[in-house]
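Working notes, structure below.
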């Protein structure tokens, strides 16, 4: 490998590092919280209680097993995006390369080698504005549409996800997410999420609201 190639890889790595470290995350003093939850799912409204513990484990109290599964997965997804992790621990073994030219929006394409999911990113203004991955029988692309600048990093508040068959390229499902975050327990916490999903000829609306949020 030439010195130019090594410099290019290091440049791509540092570009990705800047975006990675610009995310808003919860630090080690995060107290955890519990909240009353209202969920509109498949046309039905459900009430439950949810909590994220200081160790970032998730708990859901509800009578419906399907709602329990949905809320647990959603709260774990929130944790995944807010959990603080060291860049070198998360990506130290990965190889970063530029993948083509900067697009018309100024976004720079970067690929990550050594990532089992085959991740491709677009970066702009110290933010990840697109991520594409293949997970088994599904390929997906998530596009960042809007953000909240917390002063301690950014939170993506509007984004869409397109799921495709990786063999044929056919679109399987499309979803658009609108998230609301508020500073409540000394940390920014998601208080509302609205999801519009289209799968074939079917369209669905899912709304999640967290109320009476209190620290543990």
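All of the numbers you see were taken from the coordinates with simple rules; none came from a lab. All values derive from a computational prediction rather than experimental measurement. All Cβ positions, even for glycine, are placed from backbone atoms using ideal geometry, and neighbour counts span all protein chains on display.
Our Cα-only numbers for segment 145-211 put the radius of gyration and Dmax at 14.9, 47 Å. For helix 3-20, what angle does its Cα long axis make with the longest principal axis of the chain, in degrees from 0 to 90 and rounded to 10? With rounding to tens, the tilt is 20 degrees. Residue ranges 163-171, 25-33 sort as 25-33, 163-171 when ordered by packing (mean number of other C-beta atoms within 10 Å per residue, highest first). For segment 59-104, the share of alpha carbon pairs falling in successive 5 Å distance bins from zero is 5, 16, 13, 12, 11, 14, 11, 8, 6, 3, 0 percent. Computed extension gain for residue 11 through residue 86, at 0.36 nm per residue and net of the alpha carbon distance, reaches 25.1 nm. For segment 1-115, the convex hull spanned by the alpha carbon atoms encloses 159 Å³ per residue.
Annotation: peptides 129-142, 42-55, ranked by per-residue average of other Cβ atoms within 10 Å with the highest first, follow the order 129-142, 42-55. Rg and Dmax of segment 69-148, based on Cα coordinates, read 14.1, 41 Å.
Measuring max minus min along each principal axis, the C-alpha atoms of segment 94-204 give extents of 44, 38, 28 Å (largest first). Using only Cα atoms, locate the centre of segment 11-36 and the centre of segment 139-169, then give the distance between them in Å, rounded to an integer. Comparing the Cα centres of segment 11-36 and segment 139-169, I get a distance of 16 Å.
When Rg and the Kirkwood radius Rh are both evaluated on Cα atoms of segment 3-215, their ratio Rg/Rh stands at 0.98. How fast does segment 24-89 diffuse by Stokes-Einstein, in µm²/s, taking the Kirkwood radius from C-alpha pairs at 4 °C and 1.567 mPa s? It comes out at roughly 101 µm²/s.
Computed over the chain, the per-residue total of -39500 (n - 2.57) for DSSP H runs of n ≥ 4 gives a 222 nm mean residue ellipticity of -6000 deg cm²/dmol, rounded to 500.
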